[in-house]
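Heads up, the thing below is written out as structure tokens.
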């Protein structure tokens, strides 16, 4: 189990909808309970630790030997990035960090970091706070809808590391699945993801 999902402060039905859309593709995942202070890095860290390390301290398949991918939303981004730093501080590996609407949260680390934003303002105003290849919805969608229904959020996949930056038209769900495929977190029998068609009309 390598994908850690960290919700924000919202009804659990939103996360259930999110997982329903990506669950058919993701090999395995763990949802951190949203009532466990999603903005608290120690709470998230200790929850993961209790789930994997404490019950089987000698297992070669614990989180200690399996790189993690964090997917976080809103207030959950605050706690998740801190938990990722704490996990690395113990000598563990974070494979990637994906933040849904982590506006204003500094995202810094020696692992791949990606932002998925509900509008361009959130995307543009978060660039200085870290993050590489990212996505923003255009037209904008509601903050909670980005998490509840990422397949309905159409927008731009932006590769900021290119000069000038390159952008392709896609959805938040397809962008997320493409990232998970890059990090080998897609089920072997999942449908093959087609790369988005380049679009030169990016504003």
Going by what's in this entry, would residue 104 be described as surrounded by fewer than 16 Cβ atoms within 10 Å (Cβ to Cβ), at pLDDT below 95 and either within 15 Å of the chain's Cα centre (by Cα) or under 26 Å from residue 41 (Cα atoms) (or both)? yes
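Go through the stretch 18-50 residue by residue and tally those that are in a helix (DSSP H, G or I) and within 29 Å of residue 174 (Cβ to Cβ).
Count: 7.
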So, of the residues in the stretch 80-96 that are in contact (Cβ under 8 Å) with a residue 60 or more places away in the chain and within 13 Å of the chain's Cα centre (by Cα), which turns out to be surrounded by the fewest Cβ atoms within 10 Å (Cβ to Cβ)? 95
Test residue 155 against the stated conditions and say whether it is part of a loop (DSSP other than H, G, I, E, B), surrounded by 22 or more Cβ atoms within 10 Å (Cβ to Cβ) and either modelled with pLDDT under 95 or in contact with a strand residue (DSSP E or B) (Cβ under 8 Å, 6 or more places away or on another chain) (or both). no
Looking for something in a loop (DSSP other than H, G, I, E, B) and at pLDDT 95 or above - is there at least one such residue anywhere in the stretch 2-17? yes
Residue identified as within 19 Å of residue 86 (Cα to Cα), in contact with a strand residue (DSSP E or B) (Cβ under 9 Å, 6 or more places away or on another chain) and without any contact (Cβ under 8 Å) to a residue 60 or more places away in the chain among 132, 137, 99: 99
Residue under evaluation residue 121, criteria (1) surrounded by 18 or more Cβ atoms within 10 Å (Cβ to Cβ); (2) outside any strand (DSSP E or B), criterion not met: (1)
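The values are calculated or read from the model by the stated rules, or taken from the named source; none is laboratory data. Bear in mind the structure is a predicted one, so any value in this text is a computation, not a measurement. Every residue, glycine as well, gets a Cβ built from its backbone with ideal geometry; the counts of neighbours run over all protein chains shown.
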